[in-house]
Structures are given as C-alpha cells and as structure tokens.
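Trainee: Pasting a structure here, questions to come.
Derivation of every value follows stated rules applied to the coordinates shown; laboratory data play no part. Nothing here was measured: the structure is a model prediction, and the numbers come from that model. Every residue, glycine among them, receives a Cβ derived from its backbone with ideal geometry; neighbour counts consider all protein chains shown.
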Amino acid sequence: MTAATQPTVRPAGLKAPVIRIGVVQWMRRNLFNGVFNSLLTVVVLLLLYKIVPPFVQWAFIDSFWTSTAEQCRAGGGACWSIIPANLRFIIFGFYPYELHWRPFLAMLLLVGLLLYSKNRNHWRRSLLWMWIVGLVVMGTLMKGGILGLTAVESDQWGGLPLTLMLSVFGMVGAYPLGILLALGRRSKLPAIRTISILYIELIRGVPLISMLFMSAVLFPLFLPEGVTFNKILRAQAAIILFTAAYIAEVVRGGLQAITRGQYEAAESLGLDYAQKMRLVILPQALKIVIPPTVGILISAFKDTSLVVIIALYDVLKTTKSALANPVWMGFSPEAYIFVGLIYFVCCYAMSNYSRRLEKELHS
C-alpha cells in the first residue's frame with residue numbers, strides 16, 4: 001500500500017479550535033466597524049443616556065406604589081397606585097363587583113385550555129371536546145341565569161375577559177374560514193372562485209372599523225322584526241370575517257409555493273381532492289406560512305381595541321374610563337404602560353409559541 005492510498009489517521013479526541021471573542025473585539029466588529037456605524041452607535045448611546053436614567057428615576061426611584069392620588073401629585077415620580085386602586089375595574093369593567101370571581105374563573109379556564117393546547121401531543125379529538133365543554137362552562141359563568149348563578153347582561157361584560165374572548169374566538173373562527181377561502185380562490189369551479197375573490201378583495205378593501213359599524217348598525221336592519229343578535233356576537237362575527245380575508249391570502253401564497261410534483265404525487269396515490277389537500281398539500285403550505293399568519297393574528301388581537309366604537313368596553317376602554325375619574329386624572333402614562341404590558345405579554349407569547357411550533361415542524 002502506497003502512502004497516497006493509506007487512510008488518514010486522526011489523533012483521538014482532536015477537536016476544532018474554539019474561537020473566543022472578547023467584549024472589545026465584539027464591539028469593534030459590531031458597533032465600531034466603520035465611520036457610519038461608529039457615529040450611529042455614539043448617537044444611540046447619547047439618546048439612551050438622555051432617556052433611560054430619567055425614566056428609571058421617574059418609574060422606580062421617585063415612584064409611589066401605595067400612596068393616595070394627593071400624595072402622588074405632591075411628588076414627582078410615577079403614581080403606580082392608580083393600578084391597584086382601579087385594577088378590578090380595569091380588568092372586569094362594569095361586571096357586578098361581587099361577581100368578579102365568575103369572569104376570573106372564565107379567564108383562568110380559557111388560559112388553561114390555551115396552555116394545554118400548545119402541546120402538539122394533545123392535538124386529538126378529545127381536545128375538541130375539551131374546548132366545547134370549556135366554552136359551555138365559560139358562557140355559563142359569564143352569562144349566568146342557570147345553576148343558581150345570577151344573570152348578567154352582556155352589556156356589562158368588559159375589560160380583559162372581553163378582549164380575550166374576542167381575540168381568541170376570532171382567531172379560532174377566522175383561521176379555518178381563511179383556509180376555505182384560499183382553497184376557493186384556487187378552485188377550478190368559476191362560481192366558487194369568483195365568490196371567493198369578490199369576498200377577499202371586498203373585505204380587504206375596507207377597514208375593520210367599517211365592518212364593526214356594519215355589524216352594529218346595518219346588520220340588524222336585515223333581520224326580521226323582533227329578531228336581534230347580541231352586540232358582542234355581531235362584533236365577533238365582524239372580526240372573524242375581516243381576519244379571514246387576510247389569512248386567505250397568506251394561505252394562498254403557501255399553496256402556490258407547493259411544487260406541482262406534490263400535487264401529482266398525491267394524485268398518483270389515488271387520493272381525492274379532500275384527501276389530497278388534508279393529507280399532503282395543506283400540511284406543507286400551512287407550515288410555510290406560519291410567520292405571516294401569526295403576524296396577522298397578532299394584529300387581529302390588537303385590533304380588538306376598536307370595538308370601543310360600538311360601545312363595547314374592552315381592557316383599553318375600561319382603562320380610559322378609570323382615568324376619567326377626577327381623583328386619578330393626570331396619571332394616564334402609568335395606566336397606559338400597564339395596559340401596554342398586558343398587550344405585550346399576550347403578543348410575545350403568541351410570537352414565541354409560533355417560533356417554537358415552526359422549529360418543531362421543521363425538525
């Protein structure tokens with residue numbers, strides 16, 4: 001055996017050298033690697049120096065957490081006392097004070113179902129029945145009138161429970177409808193394709209506010225005399241119909257990204273249209289469009305604050321109502337920061353779960 005044909009012998013335990021980059025080297029590479037980046041870094045540091053220390057001084061050092069409104073006005077820091085003083089109204093709105101335990105339990109049940117549904121191992125038929133039972137229990141807790149529970153009209157529902165219900169059920173209802181619209185737009189049947197195109201383009205051409213106004217003002221005009229629908233249900237329907245049009249276009253993009261070979265492979269197996277879409281095409285297309293779909297769902301969650309225009313008191317409106325109290329006027333930054341944190345936590349949880357789901361599906 002010649003030297004050229006002899007196998008290469010590698011020393012046991014030999015590893016690639018570890019390259020360590022210190023703080024100074026990292027700063028030179030990322031923050032000061034050119035004239036423009038150096039100037040931009042200096043400007044940003046100056047802005048942070050002007051903004052961060054005063055904010056920390058106002059929000060934490062000079063702040064008030066358990067003081068009265070008069071004591072807050074005498075000081076110069078943030079008055080976080082507005083949050084515990086108005087917390088129950090901000091969270092539950094005009095729901096009867098002594099019955100706040102009912103919407104609280106309904107929220108816990110909804111969050112519990114969402115957390116349980118995060119695990120893909122739980123995606124079985126039993127999960128559907130759990131959601132059906134959970135919805136019945138939540139509706140019973142919120143509405144009352146049976147099992148000895150005091151009846152509470154939906155006009156008194158508000159705050160965080162209303163925001164969560166509108167957003168969660170809006171997403172759950174809009175997603176399958178958007179998939180059907182996307183399939184309809186790509187259908188070979190002219191009637192179905194035309195109806196889907198008209199619906200998608202019409203809905204995407206108007207703002208959500210218009211849909212909410214139509215649900216609150218115009219929709220009751222088309223109902224028979226004496227027949228009416230709950231205002232919350234009408235707002236929920238408007239959110240579902242509006243969001244579904246945007247999801248349809250995202251899903252259609254995912255369907256177009258699937259190569260023709262996948263369709264032909266499914267057809268070669270003898271699958272009909274429903275089986276081909278359910279087993280082969282849609283799983284691949286929906287996996288592709290997870291990021292834009294979650295972006296639309298996050299926007300839909302934040303857009304639920306627009307229901308205030310039809311006199312529904314979501315968590316943002318209850319906060320504004322609390323600020324209308326003369327005792328707490330002038331402390332709006334603290335209240336809006338608190339509400340902003342609620343929205344941020346919910347949106348970040350959705351975004352973080354979508355990244356984890358995308359990673360699991362691509363592994």
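Trainee: In the stretch 51-74, how many are of a type outside the set (A, V, I, L, M, F, W, C), in a helix (DSSP H, G or I) and farther than 22 Å from Ala324 by Cβ?
Mentor: Qualifying residue count, the stretch 51-74: 3.
Trainee: Continuing with the same structure: Among the residues in the stretch 324-332, are any among the hydrophobic types (A, V, I, L, M, F, W, C), outside any strand (DSSP E or B), in contact with a helix residue (DSSP H, G or I) (Cβ under 8 Å, 6 or more places away or on another chain) and without any contact (Cβ under 8 Å) to a residue 12 or more places away in the chain? Spell out the reasoning first.
Mentor: Going through the stretch 324-332, the residues among the hydrophobic types (A, V, I, L, M, F, W, C) turn out to be 324, 327-329, 331.
Subset that is outside any strand (DSSP E or B): 324, 327-329, 331.
Add one more test, that the residue is in contact with a helix residue (DSSP H, G or I) (Cβ under 8 Å, 6 or more places away or on another chain), and what stays is 327-329, 331.
Then keep just the ones that are without any contact (Cβ under 8 Å) to a residue 12 or more places away in the chain; that gives 329.
Looking through the stretch 324-332, at least one residue is among the hydrophobic types (A, V, I, L, M, F, W, C), outside any strand (DSSP E or B), in contact with a helix residue (DSSP H, G or I) (Cβ under 8 Å, 6 or more places away or on another chain) and without any contact (Cβ under 8 Å) to a residue 12 or more places away in the chain.
Trainee: Can you tell me which residues in the stretch 308-350 are hydroxyl-bearing (Ser, Thr, Tyr) and either loosely packed, with under 14 Cβ neighbours inside 10 Å or on the phi > 0 side of the Ramachandran plot (or both)? Quick ask: steps written out before the conclusion?
Mentor: The initial filter retains those residues of the stretch 308-350 that are hydroxyl-bearing (Ser, Thr, Tyr), namely 313, 318-319, 321, 332, 336, 343, 348.
Result: Tyr348, single match.
Trainee: Which of the residues spanning the stretch 178-198 are surrounded by fewer than 18 Cβ atoms within 10 Å (Cβ to Cβ) and either in contact with a helix residue (DSSP H, G or I) (Cβ under 9 Å, 6 or more places away or on another chain) or not small (Gly, Ala, Ser) (or both)? Steps first, please.
Mentor: Within the stretch 178-198, the subset surrounded by fewer than 18 Cβ atoms within 10 Å (Cβ to Cβ) is 180, 186-195, 197-198.
Hits for the stretch 178-198 are Leu180, Arg186, Ser187, Lys188, Leu189, Pro190, Ile192, Arg193, Thr194, Ile195, Ile197, Leu198.
Trainee: Okay, moving on. Scan the stretch 147-178 residue by residue and report those that are without any contact (Cβ under 8 Å) to a residue 60 or more places away in the chain and more than 12 Å from the chain's Cα centre (by Cα).
Mentor: Leu147, Gly148, Leu149, Thr150, Ala151, Val152, Glu153, Pro176
Trainee: So, one more: Could you give me the residue pairs with C-beta distances under 7 Å whose first residue belongs to the stretch 193-214 and is touching a residue at least 60 places away in the same chain (Cβ under 8 Å), whose second residue is of a type in the set (Gly, Ala, Ser) wherever it lies, and which are 6+ apart or on separate chains?
Mentor: Pairs found: Leu212/Ala235; Leu212/Ala238.
Trainee: Can you name every residue in the stretch 82-114 that is small (Gly, Ala, Ser), out of contact with any helix residue (DSSP H, G or I) (no Cβ under 6 Å at 6 or more places or on another chain) and either buried (at least 20 other Cβ atoms within 10 Å of the Cβ) or under 23 Å from Ile337 (Cα atoms) (or both)?
Mentor: Once the filter is applied, which keeps residues that are small (Gly, Ala, Ser), out of contact with any helix residue (DSSP H, G or I) (no Cβ under 6 Å at 6 or more places or on another chain) and either buried (at least 20 other Cβ atoms within 10 Å of the Cβ) or under 23 Å from Ile337 (Cα atoms) (or both), the stretch 82-114 yields only Ala85.
Trainee: Would you pick out the residues in the stretch 278-307 that are surrounded by fewer than 16 Cβ atoms within 10 Å (Cβ to Cβ) and closer than 17 Å to Ile209 by Cβ?
Mentor: Residues satisfying the conditions are Ser299, Lys302.
Trainee: Could you list, in sequence order, all residues of the stretch 85-101 that are in contact (Cβ under 8 Å) with a residue 12 or more places away in the chain and farther than 20 Å from Leu323 by Cβ?
Mentor: Scanning the stretch 85-101 gives Pro96, Leu99, His100.
Trainee: Related question: Tally time: how many residues in the stretch 134-180 are closer than 13 Å to Phe104 by Cα and outside any helix (DSSP H, G or I)?
Mentor: Going through the stretch 134-180 one residue at a time, the tally reaches 2.
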